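K.L.:
Please read through the structure below; I'll follow up with questions.
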Amino acid sequence: MKKYNFTVVYPGSFDPPTNGHLDLITRAIKMFKKVIVLVTNNTFKKYTFSVEERVDMLNLVIKKNKLQNVKVEKHNGLLVDYLKKNNINIVLRGLRAVSDFEYEFQMVLTNRKMFPQMETIYLMPDIKWIYLSSSLVKEISKFGGDISCFVPKVIISIIKQKFEKLK
Ligand code: ADP
């Protein structure tokens, strides 16, 4: 496959990372020179895992899957500020079932007002992950259910431990 010679930023909460996120990163790194997975704090969301815990989990997943040219970073603030500061203008996002559309339109059009050079590329995951979300993983974990088919193996125990502590 042709590799495009640019870096893309894949921003998100990753609270926690799922097989859907991993699917997207794996697809992206086949297409682009470098992928920066950017762990952000969305002010409207309440997180279960700290930014550091989310960064650590992503790093474990990337290492375990031997994904090269993928870097994890964290950012507190506006995505456009991160992009401008690092001289990057391509963002990657995932598209699942219709539920993502409305929010993504709002984000793209708002970000475009602030940073007109920014473009967003959308990838769709394998059909297996089309309805998978971090919230679903958290809901199952809260009640002690089995999350092994939804998240990468290497982080299962970390997620379980977190929910044990929260009990
Ligand atoms: P955010 O709070 O920014 O939406 P998420 O971690 O929920 O953070 O999602 C980050 C990105 O990953 C979004 O573009 C979202 O659409 C995508 N994503 C989340 N889950 C999946 C999945 N199962 N398949 C494909 N993309 C996904």
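K.L.:
Give the stretch 89-129 a look and list any residue that's modelled with pLDDT of 95 or more and among the polar types (S, T, N, Q), or say none.
P.N.:
Listed by number, the residues that qualify are Asn89, Thr110, Asn111, Gln117, Thr120.
K.L.:
Quickly run through the stretch 32-88 and pick out the residues that are of a type in the set (D, E, K, R) and modelled with pLDDT under 95.
P.N.:
Listed by number, the residues that qualify are Lys45, Lys46.
K.L.:
Go through the residues of the stretch 73-93 one by one and say whether even a single one is more than 12 Å from the ligand (Cβ to nearest atom), surrounded by fewer than 19 Cβ atoms within 10 Å (Cβ to Cβ), within 12 Å of the chain's Cα centre (by Cα) and in a strand (DSSP E or B).
P.N.:
Yes; the residues of the stretch 73-93 include at least one that is more than 12 Å from the ligand (Cβ to nearest atom), surrounded by fewer than 19 Cβ atoms within 10 Å (Cβ to Cβ), within 12 Å of the chain's Cα centre (by Cα) and in a strand (DSSP E or B).
K.L.:
So Val61 fits all but one of (1) in contact with a strand residue (DSSP E or B) (Cβ under 6 Å, 6 or more places away or on another chain); (2) surrounded by 22 or more Cβ atoms within 10 Å (Cβ to Cβ); what number is the exception?
P.N.:
Evaluating Val61 over (1) in contact with a strand residue (DSSP E or B) (Cβ under 6 Å, 6 or more places away or on another chain); (2) surrounded by 22 or more Cβ atoms within 10 Å (Cβ to Cβ) leaves (1) as the failure.
K.L.:
Specify the residue that is least open to solvent (accessible area, probe 1.4 Å); the eligible residues are those in the stretch 95-113 that are of a type in the set (A, V, I, L, M, F, W, C) and assigned to a helix (DSSP H, G or I).
P.N.:
Selected residue: Val108.
K.L.:
Looking only at residues that are assigned to a strand (DSSP E or B) and more than 9 Å from the chain's Cα centre (by Cα) in the stretch 10-39, which one is farthest from the ligand (Cβ to nearest atom)?
P.N.:
That would be Lys33.
K.L.:
Counting just the residues of the stretch 114-135 that are without any contact (Cβ under 8 Å) to a residue 24 or more places away in the chain and outside any loop (DSSP other than H, G, I, E, B), which one comes out surrounded by the fewest Cβ atoms within 10 Å (Cβ to Cβ)?
P.N.:
Ile127
K.L.:
Oh, and also: Take Lys45 and decide whether it is of a type in the set (Lys, Arg) and within 13 Å of the ligand (Cβ to nearest atom).
P.N.:
yes
The values are calculated or read from the model by the stated rules, or taken from the named source; none is laboratory data. Since the model is a prediction, treat every value here as computed from it, not as a measurement. All Cβ positions, glycine included, derive from the backbone under ideal geometry; neighbour counts span all protein chains shown. Protein only, heavy atoms only, side chains kept; ligands, DNA and RNA dropped before computing areas. Shrake-Rupley method; radii C 1.70, N 1.55, O 1.52, S 1.80 Å.
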